[in-house]
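The values are calculated or read from the model by the stated rules, or taken from the named source; none is laboratory data. Computed from a predicted structure; not experimentally measured. Heads up, the Cβs are rebuilt from the backbone with ideal geometry, glycines too, and the neighbour counts pull from every protein chain shown. Remember, those area values only see protein heavy atoms, side chains included, never the ligands or the DNA or RNA. Shrake-Rupley method; radii C 1.70, N 1.55, O 1.52, S 1.80 Å.
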Amino acid sequence: MVAVMTWVLPSQVWGASFAATDLQVVGRAIAFMLPPPAPDAIIAIAYVAGNAASRQDADAIAALISGGLRAGRTTLRPRVIDINGLEAGGFQVVIAAAGANGPRLNAAARAARALCVTTDIEAVRSGFCAMAITSEPRVQITVNHAVAAAAGIEFVAAFRMMIQEL
Amino acid sequence: MTNLTQSRVWTWGLGLWMLSGIVQTHAQSVDYQALEQLFGEPVTTSVTGKPQRAADAPANIEIITQDDIRRSGAISIPDVLAFVTGVDVRTSGLGAQDVGIRGYNQAANPHVMVLINGRQVYMVDYGRILWESLPVQLSEIRQIEVVKGPNSALYGFDAVGGVINIITYDPLKESVNVASLGGGTQDYLTGSVVGTAKIGETAGLRLSAGGFKAHDFAPGPLNRTDTLTRQSPFAGNFNADGRWQITPQIEVFLEGSYGTMRESRPTPASLFDTEQLHQWSLRGGVNADTPIGILSLSVYRNQVSLDGLTITLPKLQPLAAYEQQSVTVIQASDLLKIGTDHTVRVGLEYRDNAATASGFGGRLADIDYAASLMWDWQIAPAVTATNAVRIDHVEVSYSGTPTGVSGLTAAKFNAVRIDAPSLNSGVVWKATDVDTFRFTLARGVQLPTLAEQGAQINPGTTSPLGFYGNPNLLPSITWNAETDYDRSLPAINSVLRTALFVQRTDAVIATDFGGPLTIVSRTVAYRQAANVGYSTAAGFEIGIRGHSPSGWRWNLSYALAETTNHTGLNAGGVIVSAQLYAHSVPEHVMVAGIGYAYEKWEADLMARWQSSFLDVRAPRTPGPLQLVSIDNYVTFNGRVGYRVTDNVTVALVAQQLTAPRLITTAGAPQERRLIASVTARF
């Protein structure tokens, strides 16, 4: 019930905009995935169909990483995708634009065995997304272990010891 | 099925399960570079064995980066440490330095554990550090981690004052190629080369070599031999560090080093003597990230050949010192995160400290079996508790014929057994995004060294007195309690750090040169190492460090460390031991630094003021040591660097800028140094 209510809340409540520094942290964090992202893997930027603000936010995020998101030795190519289109899979990481966090994104990430990343810690606490990051004033990374495991996501042991897991 | 067969099945089964675990696992061990870039601050494993951000570690730790080292203009590691809050550096000459932490420092200081990438690099005779013999070039150091306070539960003995862990670049992940040449006053000449070769993405090898020679400070009233050797110190080192990632989950490493040096330095007896030695080391190991944790195995051997020791005292028979020292270590550990909130580290260690020397009448060895357990528990998002315990069991092994009048026998040595538990406990509370509190309690163990257990210098060898070790020494125990408060000041890109600590050390070990006197007859007497009471320490530290986007950087700190002496040593005003403890280290120290970088220019100025303290000096003729008051002083170091091209930098360094000569210990005065250097990076 909570999940459904959450899903229909407006994007202002579930704001998920990423700053450039946040995306830098995302790239560096996903380099610790096991196995690491494949070369030329896709990083999906999910937005809510029919939500102009969400689409605008997704486009803004994509513009910040238009040249690709560096993740260790590989570079992920961004692709803006309507949340309904996530079912087709083909991405290794999905980040949630404004309003996109919710059970449908979670289900799509799990089906695609992809890592969901957000800047909204509450979405991770609620089990809608696997990883939350903040870059200011201090880098903080929180991972919902159960959500990540359900999507088949694992991380390097040293990385796990330095983040907060729920 | 017999019990034996069952046992074999279980053993093979366990082995196969572990092997399958290794094969199916997924990643290598700690990647300092990647983690530092991710979290935007240095990462350490020196406090608990677990990778942590320095601010999150349950101990007071300072991390000195390669940028700090380079901009300091330092020509040795102790030169860098001299500007760290709470660290004391006794400089007796080029290459001859002793480092102490929080109030305890002395000639041949045994209270600090020093490691290079986890390999302990002490001399087994007195647990001292010969800094210039360390086979590492400043330009290949990624960071120096200074852990203040006892950390015996992870490292064992010697770590009672603190730990200094020197971390070099990882040749598998970081390519460092640097050549440097420098020269200056005192005929100082130095050079170093560091090169990294990578074989694909899975193997890397870093080679380094370097050294110096000089015509050091004015010797003072010395005999001719010492004058010659003392004024011409040199050191040369070579090191190879190879790493091979066999699979994404398993990494093996192999390191080797060779070095030689000659330097003059005060001995534990405060004699100012010259040592010449050669040393070798070889280390290999494997790290594997498995479903049962990060498994690590490390095996190494350090070997030192002491070729000569020249005694200062005139008209006395030189000590025919030859000495072969070795340290053989096998370490195994498993670091495992259990669930979301718990991390544990289980460690086993075998250590063989051995020396064959005329001064031992044979071969003496301490064989140490140790087991350790660390448990890190994230109680709440903002609160973490860490507890670590370690048990050391030491057995002494002696083969030889004890000499002299002390009554030592081989049986007395071989009967020695020591069991010593260590403890480290800490709570870190991140009260807000910018406020961190740290509460720690530690029980550190200082085991007696080989010389303290087994030295046999008979009367008439270097002095009318004889000097003997004592196989029945107990370990010295240090209890330390500390409260820290750190506050980030993002508005000015700075961090404020404070620390308050109290400490008590029981069963203080007096060395063979400073222990109680036994009179055998009117013409024969000797001193012997002994446990002699206790000492306390208390102190406070406050410091701020920051930088600005426009290129400025600054730091300012004050440290207070007051120690007391309840050992009975030097009772009655007759100074027989260099272990003064009270007032033997400056109680008040202020450190300040400012730097600026603009386009191709870098300029840095550092200052250190320290209050007066008491030191001891051996007289030229046999007799009690002389107490010397070292006045307070301020010293300035500066560096200006200019990037000629993208690859080449020239720099001018001035050490002790404001004083041509400065009395910093009871030894010879230190002279101002000016050094010019050119460095090429590829």
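Quick notes on this structure:
- Beta carbons closer than 8 Å, at least 6 apart along the sequence or on distinct chains, pair a first residue in region A:22-39 that is within 7 Å of chain B (Cβ to nearest Cβ) with a second that is among the basic types (Lys, Arg) for A:Ala31/A:Arg73.
- In the set (1) within 29 Å of B:Leu450 (Cα to Cα); (2) touching a Phe, Trp or Tyr at 6+ places or on another chain (Cβ under 9 Å); (3) within 14 Å of another protein chain (Cβ to nearest Cβ), B:Leu348 fails one condition alone, (3).
- Qualifying positions in region B:273-289 - open to solvent by 30 Å² or more (accessible area, probe 1.4 Å) and either farther than 24 Å from B:Asp512 by Cβ or at pLDDT below 80 (or both): B:His278, B:Trp280, B:Leu282, B:Val286
- Considered as a group, the residues in region B:423-452 that are more than 14 Å from chain A (Cβ to nearest Cβ) and part of a loop (DSSP other than H, G, I, E, B) include one that is farthest from B:Ile391 (Cα to Cα), and that residue is B:Thr449.
- For region B:453-475, the criterion of being outside any strand (DSSP E or B), of a type in the set (Val, Ile, Thr) and either surrounded by 19 or more Cβ atoms within 10 Å (Cβ to Cβ) or more than 29 Å from the chain's Cα centre (by Cα) (or both) is met by at least one residue.
- Candidate set from region B:368-377 (those that are over 25 Å from B:Leu474 (Cβ atoms) and open to solvent by 20 Å² or more (accessible area, probe 1.4 Å)); member that is nearest to the chain's Cα centre (by Cα): B:Trp375
- Counted residues, region B:511-531 - those being part of a strand (DSSP E or B) and more than 18 Å from B:Gly623 (Cα to Cα): 2
- Of all residues in region B:325-339, those that are touching a strand residue (DSSP E or B) at 6+ places or on another chain (Cβ under 7 Å), within 14 Å of chain A (Cβ to nearest Cβ) and either without any contact (Cβ under 8 Å) to a residue 60 or more places away in the chain or closer than 27 Å to B:Arg363 by Cα (or both) total 4.
- Within region B:498-510, being open to solvent by 10 Å² or more (accessible area, probe 1.4 Å) and either in a loop (DSSP other than H, G, I, E, B) or touching a residue at least 60 places away in the same chain (Cβ under 8 Å) (or both) holds for B:Gln503, B:Thr505, B:Ala507, B:Ile509.
- When region B:378-422 is limited to residues that are assigned to a loop (DSSP other than H, G, I, E, B) and open to solvent by 60 Å² or more (accessible area, probe 1.4 Å), the one that is nearest to the other protein chains (Cβ to nearest Cβ) turns out to be B:Pro381.
- Among (1) closer than 30 Å to B:Leu474 by Cβ; (2) part of a strand (DSSP E or B), the one test that B:Gly195 misses: (1)
- Summed over region A:107-166, the residues that are within 11 Å of chain B (Cβ to nearest Cβ), open to solvent by 30 Å² or more (accessible area, probe 1.4 Å) and touching a Lys or Arg at 6+ places or on another chain (Cβ under 6 Å) give a count of 1.
- Matching residues in region B:193-209 - criterion: being under 18 Å from B:Phe238 (Cα atoms) and open to solvent by less than 20 Å² (accessible area, probe 1.4 Å): B:Val194, B:Gly204, B:Arg206, B:Ser208
- Here is the figure for region B:51-109: residues that are part of a helix (DSSP H, G or I) and among the small types (Gly, Ala, Ser) total 3.
- When residues in region B:252-272 are screened for being open to solvent by 20 Å² or more (accessible area, probe 1.4 Å), at pLDDT below 95 and touching a strand residue (DSSP E or B) at 6+ places or on another chain (Cβ under 7 Å), 4 of them pass.
- Hits in region B:372-409 - residues which are touching a residue at least 24 places away in the same chain (Cβ under 8 Å) and more than 30 Å from B:Val147 (Cβ to Cβ): B:Ser397, B:Tyr398, B:Ser399, B:Gly400, B:Thr401, B:Pro402, B:Thr403, B:Gly404, B:Val405, B:Ser406, B:Leu408
- Selection from region B:242-268 of residues that are in a strand (DSSP E or B) and over 20 Å from the mean Cα position of the chain (by Cα): B:Gly242, B:Arg243, B:Trp244, B:Gln245, B:Ile246, B:Thr247, B:Ile250, B:Glu251, B:Val252, B:Phe253, B:Leu254
- Restricting A:Arg104, A:Arg55, A:Arg73, A:Arg77 to those that are within 14 Å of chain B (Cβ to nearest Cβ) and open to solvent by 40 Å² or more (accessible area, probe 1.4 Å) reduces the list to A:Arg73.
- Odd one out for B:Glu36, checked against (1) open to solvent by 30 Å² or more (accessible area, probe 1.4 Å); (2) at pLDDT below 90; (3) within 14 Å of chain A (Cβ to nearest Cβ): (2)
- Residue match in region B:121-137 (condition: on the phi < 0 side of the Ramachandran plot, touching a helix residue (DSSP H, G or I) at 6+ places or on another chain (Cβ under 7 Å), open to solvent by 10 Å² or more (accessible area, probe 1.4 Å) and in a helix (DSSP H, G or I)): yes
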